[in-house]
Structures are given as C-alpha cells and as structure tokens.
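The values are calculated or read from the model by the stated rules, or taken from the named source; none is laboratory data. Note that this is a predicted model, so its numbers are computed, not measured. Neighbour counts are summed over all protein chains in view; Cβ atoms, including those assigned to glycine, are modelled from backbone coordinates with ideal geometry.
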Amino acid sequence: MTMTNLAGRHALVTGGGSGIGAAIALTLAAAGARVTICGRRREALEQTAARNRAIDVETADVTDAESIARLYRNAQAARGPFDIAVANAGSAISAAAENISRELWADTLNVNLTGAFFSVQPALAAMRERGFGRIIFVSSTAGLKGYPYVAAYVAAKHGVVGLARALALETANDGITVNALCPGYTETPMLERAIGRAAASARRSEADIRDAFAADNPDARLLQPQEIAEAALRLCADDSAGITGRAITIPGDDAW
Ligand SMILES: NC(=O)c1ccc[n+]([C@@H]2O[C@H](COP(=O)([O-])OP(=O)(O)OC[C@H]3O[C@@H](n4cnc5c(N)ncnc54)[C@H](OP(=O)(O)O)[C@@H]3O)[C@@H](O)[C@H]2O)c1
C-alpha cells in the first residue's frame with residue numbers, strides 16, 4: 001500500500017472544529033496538506049488547529065455568502081487555491097414531520113445542502129484550470145435511506161448525494177473527482193446532542209439510546225470520526241482519480 005502524500009496540496013474542510021471535520025482536517029494535515037478549516041465558533045477551530053501547525057483557521061458560516069467569499073479571499077491569498085474541498089459542516093435537529101416549521105426546514109437545507117454546494121463552488125474554476133481537484137461531501141446514510149423524525153435532514157442529505165453525482169459528470173474530464181461520504185452513526189458532538197434529545201423525549205436512558213443507534217449500524221457499533229477521515233484521505237490520493245460520482249457508505253457498501 002502506498003502512503004498518500006498530500007504535500008503541496010491546500011485543503012478546505014468546513015466544520016473542522018469538531019467531530020468528523022476535525023478528524024478529516026488532522027488526517028489531511030498529517031498526510032502533508034495545508035488545511036484551512038472553517039466554522040462559526042473560533043475557539044473550536046483553534047483547538048483543532050493547535051494540534052497541527054499546517055492547519056489554519058477562518059471563521060465562516062457556510063450559509064452566509066459574504067462569509068464564504070471572505071474565507072476564500074483570505075485563505076487563497078495566504079495559501080493558494082484549494083486542491084481539495086471537503087463540505088462537512090452540517091446539523092440535524094429532530095422533529096416529527098408535522099412539527100417541522102418552515103424555519104427549521106429552511107435552516108436544515110441551508111446548512112446541509114445549499115451551504116455544502118456554495119462552500120465548494122468557488123473552488124471549481126481553479127481546480128479545472130490546474131487539472132486537479134478533490135471535492136468531498138460528507139453526506140450520511142441518511143442520504144441513501146430514510147430515518148424517522150429527521151425528514152428535512154434526510155431530504156438535504158439525499159440532495160447532497162445527487163449534487164455529488166451531478167458535479168462528478170460536469171468535472172469528469174478535468175482531473176476533478178466529486179464524491180459523497182455516507183457514514184452511519186458516528187461518535188461526535190452532533191451524535192451526543194441527538195442522544196441527549198432522544199433520551200429526553202423518549203424518557204429512556206442515554207445508554208439505551210446509544211445502544212439503539214449503534215444497533216442501526218451494520219456492525220452494531222458506533223463509528224469513530226477517524227474512520228471517515230481515512231475514507232476522505234483515500235479519495236484525495238492521486239491514484240483515486242477514477243473514483244467519482246460515488247456515494248461511499250461507511251462501513252462498506254454491501255453492509256447497508
Ligand atoms: N455524527 C454522525 O452520526 C454523522 C453521521 C453521518 C453524517 N454526519 C455528518 O457529518 C458532518 C459532521 O458532523 P459531526 O457529526 O462531526 O458533528 P459536529 O461535531 O456537530 O460537527 C459539525 C460541524 O459543522 C459546523 N457547522 C455547523 N453549522 C455550520 C455553519 N452554518 N457554518 C459553518 N460551520 C458549521 C460546526 O461548527 P460551528 O458550530 O462552530 O459552526 C461543527 O464543527 C455533518 O455534515 C453531519 O451531518 C454525521
């Protein structure tokens with residue numbers, strides 16, 4: 001097996017201050033990339049960046065066009081155009097379908113779908129020019145199958161899979177790959193919040209809910225963020241040039 005060497009590459013990881021995004025940022029940096037991470041909370045971003053000097057911080061909200069434009073201006077002026085863009089920022093608030101407000105619907109689509117697209121879109125032109133690019137969307141198994149009480153999130157994550165497939169076709173001859181990672185339940189702050197809310201509303205213990213979530217994964221355990229990061233790293237390798245337009249489940253494809 002060859003080691004993936006990302007020396008000379010500049011990567012963007014949205015939502016890099018915690019969970020899966022932090023693991024991806026640290027893994028790409030460990031492989032030699034310069035990494036720019038963004039999110040809304042500067043402190044969380046700085047905690048990730050403190051773990052590897054190749055990681056730089058830009059505070060930005062993926063739902064805010066001006067904020068993303070500023071991120072690109074600052075990051076590219078300092079470290080050059082992005083060779084890799086990972087749209088990982090996301091959030092999930094659960095509600096029964098009849099209780100989903102227009103605001104919750106809009107917020108969920110804004111961060112998980114619209115924000116995912118517009119946080120990578122500005123990277124495309126320079127990738128095309130240089131004939132190399134890796135775009136990775138962190139979707140979810142909720143991008144491929146339904147889950148109850150998160151209809152807006154499921155709709156957004158399905159949208160992300162379609163988006164990756166469409167962009168893959170548009171970039172197929174330009175050395176750019178576009179893929180969606182679809183992890184099952186993964187131990188992150190988002191999952192902890194979901195467990196807390198589900199336990200409170202079902203009046204069950206958090207341990208019970210955690211077990212139920214783990215049981216939903218094919219191998220009946222919660223994933224670690226590092227497992228998603230390893231999949232992202234593989235996609236960034238030069239010899240992954242032929243892998244594009246894929247929805248990649250974690251764990252592996254046949255399990256779902
Ligand atoms: N955990 C799971 O079981 C699981 C499974 C499948 C897929 N996923 C997906 O994995 C991705 C990462 O989630 P996670 O589990 O690692 O949860 P997390 O720790 O809550 O990470 C989400 C990150 O996104 C950032 N973020 C949220 N809204 C943002 C916005 N408007 N602009 C910029 N950044 C924003 C957050 O930072 P700020 O709050 O500082 O902005 C946070 O760092 C999400 O897309 C999620 O849907 C998670």
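Of all residue pairs spaced 6 or more apart or on separate chains, those with beta-carbon atoms under 8 Å, a first member in the range 226-238 that is part of a helix (DSSP H, G or I) and a second member that is modelled with pLDDT under 95 and of a type outside the set (A, V, I, L, M, F, W, C) are Glu227/Pro251; Leu233/Thr4; Arg234/Thr4; Cys236/Thr4.
Can you confirm whether Ala214 is in a helix (DSSP H, G or I), without any contact (Cβ under 8 Å) to a residue 40 or more places away in the chain and away from the ligand (no atom under 15 Å from the Cβ)? When the stated conditions are applied, Ala214 does not pass them.
Across the range 116-139, the number of residues qualifying as crowded, with 21+ Cβ neighbours inside 10 Å, touching a Leu at 6+ places or on another chain (Cβ under 9 Å) and assigned to a helix (DSSP H, G or I) comes to 4. The set of residues in the range 1-36 that are more than 18 Å from Phe132 (Cα to Cα), in contact (Cβ under 8 Å) with a residue 12 or more places away in the chain, of a type in the set (A, V, I, L, M) and away from the ligand (no atom under 15 Å from the Cβ) comprises Met3, Ala29, Ala30.
Of the candidates Ala75, Ala97, Ala85, the single residue that is more than 24 Å from Leu109 (Cα to Cα), touching a residue at least 12 places away in the same chain (Cβ under 8 Å) and among the hydrophobic types (A, V, I, L, M, F, W, C) is Ala75.
For the range 36-77, taking the residues that are polar (S, T, N, Q) and over 17 Å from the mean Cα position of the chain (by Cα), the one that is nearest to Ala116 (Cα to Cα) is identified as Ser67.
Checking the stated criteria, Ala142 turns out to be in a helix (DSSP H, G or I), touching a Lys or Arg at 6+ places or on another chain (Cβ under 8 Å) and either not assigned by TED's automatic domain parsing to the domain that holds Asp216 or not hydrophobic (A, V, I, L, M, F, W, C) (or both).
One line per residue, one yes/no per condition, for (1) free of Cβ contacts under 8 Å to residues at least 12 places away in the same chain; (2) within 13 Å of the ligand (Cβ to nearest atom):
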position	(1), (2)
Thr114	no, yes
Phe137	no, yes
Gly162	yes, no
Thr171	no, no
Pro183	no, yes
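Restricting Ala92, Ala123 to those that are at pLDDT 95 or above and more than 13 Å from the ligand (Cβ to nearest atom) reduces the list to Ala123.
Just one residue in the set Ala172, Ala232 is surrounded by 16 or more Cβ atoms within 10 Å (Cβ to Cβ) and assigned by TED's automatic domain parsing to the domain that holds Glu129; that residue is Ala232.
When the residues of the range 37-57 are filtered to those that are in a helix (DSSP H, G or I) and either within 10 Å of the ligand (Cβ to nearest atom) or among the small types (Gly, Ala, Ser) (or both), which remaining residue is surrounded by the most Cβ atoms within 10 Å (Cβ to Cβ)? Among those residues, the one meeting the criterion is Leu45.
Whenever a residue of the range 37-53 is basic (Lys, Arg), its partners that are more than 9 Å from the ligand (Cβ to nearest atom) and modelled with pLDDT of 95 or more, lying with C-beta atoms within less than 8 angstrom and at least six residues away or across chains, give the pairs Arg42/Val57; Arg51/Leu26.
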